[in-house]
Amino acid sequence: MSDKPVLYHMPQTRGGTTFWMNEELGGVCEIKLVNLRKGEGRSPEYLKINPMGKLPALTHEGVCVTEAAAICLYLADLFPEKELAPAAGDPKRGAMYRWMFFAPSCIEPMMLDRLGKVTRENATSAGHGDYERVMASINQALSGGPWLLGDKFSAADVVMGSTLFFATMFGAIPKEGRVKEFVERIAARPAHQSMVKKNADLSGELGL
Ligand SMILES: N[C@@H](CCC(=O)N[C@@H](CS)C(=O)NCC(=O)O)C(=O)O
């Protein structure tokens, strides 16, 4: 691989997920800070990278990847020697995809419904169902362990771990039972602790 991937980041955003992934991989990305509070996400230069004006984003070899889960998956595949994703064709890769898609497409909208006190008449047409269904799935996902794919930590744990970390922090999901154990296991990882420390330093630098 020639160029280093460039990760566009700001602390206190979903960029924390991809910044943590970068720490799990040993710091493989060049970090470029985008200060959303100063409007840098809406600058013409950044909108060319991500027309959504959102973080995180990653560029590599002329390609842009947005969406935290997609970036984590891309990085896991780019550095297979770090073993953060089962190889293509391994059935466990199916489970990895499942939970990496489940977090942004089911947990996140459910969380926003809960926090915004939105009630939906029809859980069958809402892709994320409802709170009870999402919680039943999360509990099933965490029933093995210690990690989502069993003994081996993977990119799926980064995405689900971050999502559950924030869901419990904001009170959308109670911090109890398997969720509590999982979130505590996540917080004990050296790469997660390093992300928290570096983000705190960067927050200071940016005056957040
Ligand atoms: N679907 C995106 C969501 C990214 C997102 O909403 N990022 C927020 C920060 S947590 C953002 O950049 N907001 C700035 C804005 O919308 O202007 C992902 O999963 O990465």
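A short reminder: the numbers here are calculations on the coordinates, not readings from a lab. None of the values given here were measured: they were computed from a predicted structure. Methodologically, a virtual Cβ is constructed for each residue, glycine included, from the backbone with ideal geometry; neighbour enumeration extends over all protein chains shown.
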Treating only Lys and Arg (+1) and Asp and Glu (-1) as charged, each at its beta carbon, one finds that the stretch 1-125 has a dipole about its Cα centre, in Debye to the nearest 20, of 540
Expected max-MSF residue from THR18, THR168, THR124 in the GNM of the chain (alpha carbon, under 10 Å) is THR124
Averaging 1/r across every pair of distinct alpha carbons in the stretch 36-155 and inverting yields a Kirkwood hydrodynamic radius, in angstrom, of 16.7
Protection proxy (average C-beta count within 10 Å per residue), highest first, orders 180-187, 99-106 as 99-106, 180-187
Within the set GLU121, GLU24, GLU83, GNM on the chain using Cα springs under 10 Å gives the largest fluctuation to GLU121
The summed charge of the ALA68 Cβ neighbourhood (under 12 Å; Lys/Arg +1, Asp/Glu -1) stands at 0
Exposure proxy check on THR66, THR163, THR119: fewest-to-most Cβ neighbours within 10 Å is THR119, THR66, THR163
Projected convex hull area of the chain, Cα atoms, direction-averaged, in nm², equals 12.5
Check: C-alpha center the stretch 144-202 vs C-alpha center the stretch 38-96, spacing in Å is 19
Filtered hits (lysines, Cα-Cα < 18 Å from LYS32, offset >= 8 within chain) -> LYS4, LYS48, LYS54, LYS197, LYS198
At q = 0.16, 0.19, 0.24 1/Å the base-10 log of I(q)/I(0) from the Debye formula over the alpha-carbon atoms of the stretch 91-189 is -0.64, -0.89, -1.35
Comparing ASP77, ASP90, ASP113 in a Gaussian network model of the chain (Cα, 10 Å), the one with the largest mean-square fluctuation is ASP90
